[in-house]
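**Student:** My questions all concern the structure below.
The values are calculated or read from the model by the stated rules, or taken from the named source; none is laboratory data. Just so it is clear, the model here is predicted, and its values are computed rather than measured. With ideal geometry, Cβ positions are generated from the backbone for all residues, glycine too; neighbour counts draw on all protein chains shown.
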């Protein structure tokens, strides 16, 4: 029923030149072309990202002798340039790192609420200067590079600077997302300058987007590090722009920002170790959902019944974890006893009578090319980006980066070239000054006997959680490869806000890679109500890596519903 999604996507060539404004850093990011596909395998390492040029930037760092941290930082800066609708250096990130010695650590680069912000009196806006908090992306990436990287910062940032300075051609999906925010972008002088043409229209697919101001900003960071962004000339420009437009972000708030240690949460699932990032990230919700589902045997029920169990487990985990405070939930999420208690509330639909009253809505899964041809509008879940990187020494990085909804705050400071995330105004809930608001971001790793098995995460708002949970269970319970697991149909619960139960589900269905006609008939026989909504990528987009310890091969898989790529280094330079 599941179709292998080895869909070839177009050849993306890119030329990266040495940058005379930057100090000499040894081997330049030389001109080369690389074929980008959505599945790749290699013993030399792997980079998977939602945009081929970002994956290529990371793979090049591995070719230069860098490690997975270098690759992740290069890809993260690059994707902030080439996929600006989904993330930005003015946004936030969560980073999970498995070091070569097996230790797993995390970096929390979440945006924070500025001091002096009063959620009771501040505007409850959907976009604009009033929703801008303290950016965390640069702090997170600088810490990742400083503590775990090996190549010079200027080398690692070289591809991103080149893409901004010399331009790149917009992919169809990026063009559509920018176009969908056209009216709001026009309200900001900076956003209008960077993302709209002179006549006010959006850039079309294939148009070359040159971002000279963004290149300048990136060069300042490459030469001056985090202080250039949080304390130097960039910070001065940010603060002046915010003050002139009634924003809440100040020089003091910028200077005080720090990327913190993530709250690492660990548990087991059927003999595998699951490691994620806790509050303000949602890796612990993934873990709790798996802990609940572990109380059931997928081999004893149909795939459709198992899908309903997974959906209910996700609903219970979302509800219970969000009701808990950060201290107690981090402990309880690892408790098998608590998971068993919650599992008692899961109803396994074995007959039509047992499932009566449940409702299930089905959404059509479409690949990005088909969705583009159909001109389908993207729903609000389509935001955020995720990338995964691994090297031949066993270091791996799962990195999720976002600016909130598409194009974030829709605000950019003239002269700097990047968008700010939407943080304030109720988008992530009401937060007090200094707080880091919770989000659905959930980088995750699966280990077996200390060795990595899966390195993954997703984009797509709250459906990040359900996408990651299902990828894990399909690999562990279903014995699927990661590419096949990503190609399989997904489920997401519709949660009753009062009870926390899954009052219904949304699922993917498609003649090629969705729930089959036989599956639909079984869902209906179980008493589920079936409907269809054709949104491509509506069930999260995973960009992950699977490792086979027996062969030493990394398999990279990009989500088939997006325009991403998995790219392996062609060769790795000898140690310098």
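**Student:** Which numbered condition trips up residue 268, out of (1) surrounded by fewer than 21 Cβ atoms within 10 Å (Cβ to Cβ); (2) more than 27 Å from the chain's Cα centre (by Cα)?
**Tutor:** Going through the list (1) surrounded by fewer than 21 Cβ atoms within 10 Å (Cβ to Cβ); (2) more than 27 Å from the chain's Cα centre (by Cα), residue 268 breaks only (2).
**Student:** Under 29 Å from residue 48 (Cα atoms) and surrounded by fewer than 24 Cβ atoms within 10 Å (Cβ to Cβ) - does that describe any residue in the stretch 396-403? Step through it out loud before you land on a result.
**Tutor:** Let us first name the residues in the stretch 396-403 that are under 29 Å from residue 48 (Cα atoms), namely 396-403.
In the following step, the residues that additionally are surrounded by fewer than 24 Cβ atoms within 10 Å (Cβ to Cβ) were identified as none.
No, the stretch 396-403 has no match at all.
**Student:** Could you tell me whether any residue of the stretch 241-251 is surrounded by fewer than 18 Cβ atoms within 10 Å (Cβ to Cβ), in contact with a strand residue (DSSP E or B) (Cβ under 6 Å, 6 or more places away or on another chain) and modelled with pLDDT of 95 or more?
**Tutor:** Within the stretch 241-251, the first condition is being surrounded by fewer than 18 Cβ atoms within 10 Å (Cβ to Cβ), and the residues that meet it are 243-246, 251.
Remaining after also requiring in contact with a strand residue (DSSP E or B) (Cβ under 6 Å, 6 or more places away or on another chain): none.
No.
**Student:** For the stretch 222-229, check the following and say yes or no: at least one residue is closer than 26 Å to residue 108 by Cα and out of contact with any helix residue (DSSP H, G or I) (no Cβ under 8 Å at 6 or more places or on another chain).
**Tutor:** Let us first name the residues in the stretch 222-229 that are closer than 26 Å to residue 108 by Cα, namely 222-229.
The next check asks that each one be out of contact with any helix residue (DSSP H, G or I) (no Cβ under 8 Å at 6 or more places or on another chain); those that pass are 224, 227.
Yes: one or more hits.
**Student:** I'd like to check which strands (runs of 3 or more DSSP E) are fully inside the stretch 28-106 and have at least 3 residues that are at pLDDT below 95 and either farther than 20 Å from residue 459 by Cβ or touching a strand residue (DSSP E or B) at 6+ places or on another chain (Cβ under 9 Å) (or both).
**Tutor:** Qualifying strands (runs of 3 or more DSSP E): 32-34.
**Student:** Any residue at all in the stretch 116-127 that is touching a strand residue (DSSP E or B) at 6+ places or on another chain (Cβ under 9 Å) and in contact (Cβ under 8 Å) with a residue 60 or more places away in the chain?
**Tutor:** The answer is no, given that none of the residues of the stretch 116-127 is touching a strand residue (DSSP E or B) at 6+ places or on another chain (Cβ under 9 Å) and in contact (Cβ under 8 Å) with a residue 60 or more places away in the chain.
**Student:** Let me ask you something else. Exactly one of these conditions fails for residue 446: (1) in a loop (DSSP other than H, G, I, E, B); (2) at pLDDT 95 or above; (3) in contact with a helix residue (DSSP H, G or I) (Cβ under 7 Å, 6 or more places away or on another chain). Give me its number.
**Tutor:** Here residue 446 clears every test but (1).
**Student:** Can you name the condition, by its number, that residue 409 falls short on among (1) assigned to a loop (DSSP other than H, G, I, E, B); (2) at pLDDT 95 or above; (3) farther than 11 Å from residue 88 by Cβ?
**Tutor:** That leaves (3) as the condition not met.
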